[in-house]
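Novice: Before I ask anything, let me first share the structure, which is written out below as structure tokens.
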Amino acid sequence: MEGWRAAAACQEVDPDLFFPVGTGAPALAQEEEAKRVCLRCPVREPCLRSALAQPHPPSGVWGGLTEAQRWSLARLARRRADDRG
Ligand code: SF4
């Protein structure tokens, strides 16, 4: 286990909270609740970096972002890196 995981705020809640199923209102509400846990998490940054570094992006909420949000962030980072040459 990476050291930062020991301080993760999500250890105090049901892990399923971070993996909403579907795209309807209940799933979106669950997603927002998970993000609220991440907002008070002291290791949000290393968590997000770890999720972005995975060769196969993990599903669910990590580092306060959904899979789609992390995908957009990674794409933006790649575009900026390409622009720098
Ligand atoms: S940022 Fe969110 S998913 Fe990551 S360790 Fe903290 S609570 Fe868990």
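The values are calculated or read from the model by the stated rules, or taken from the named source; none is laboratory data. Since the structure is predicted, the reported quantities are computational estimates derived from the model, not experimental observations. Note that each Cβ is placed from the backbone with ideal geometry, even for glycine, and that neighbours are counted across all protein chains shown.
Novice: Just to be sure, is TRP62 within 8 Å of the ligand (Cβ to nearest atom), within 21 Å of ALA77 (Cβ to Cβ), touching a residue at least 40 places away in the same chain (Cβ under 8 Å) and touching a Leu at 6+ places or on another chain (Cβ under 7 Å)?
Specialist: yes
Novice: Tally up the residues in the stretch 31-59 that are without any contact (Cβ under 8 Å) to a residue 12 or more places away in the chain and under 10 Å from the mean Cα position of the chain (by Cα), please. Walk me through it before giving the result.
Specialist: Kept after step one, since they are without any contact (Cβ under 8 Å) to a residue 12 or more places away in the chain, are these residues of the stretch 31-59: 32, 36, 53-56, 58.
Checking the rest, the ones that are also under 10 Å from the mean Cα position of the chain (by Cα) come to 58.
Looking only at that region, the number is 1.
Novice: Contact list please: Cβ distance under 9 Å, first residue in the stretch 73-85 and closer than 16 Å to GLN54 by Cα, second residue assigned to a helix (DSSP H, G or I) and modelled with pLDDT under 95, pairs at least six apart or on different chains.
Specialist: The qualifying pairs are LEU73/LEU52; ALA74/LEU52; ALA77/LEU52.
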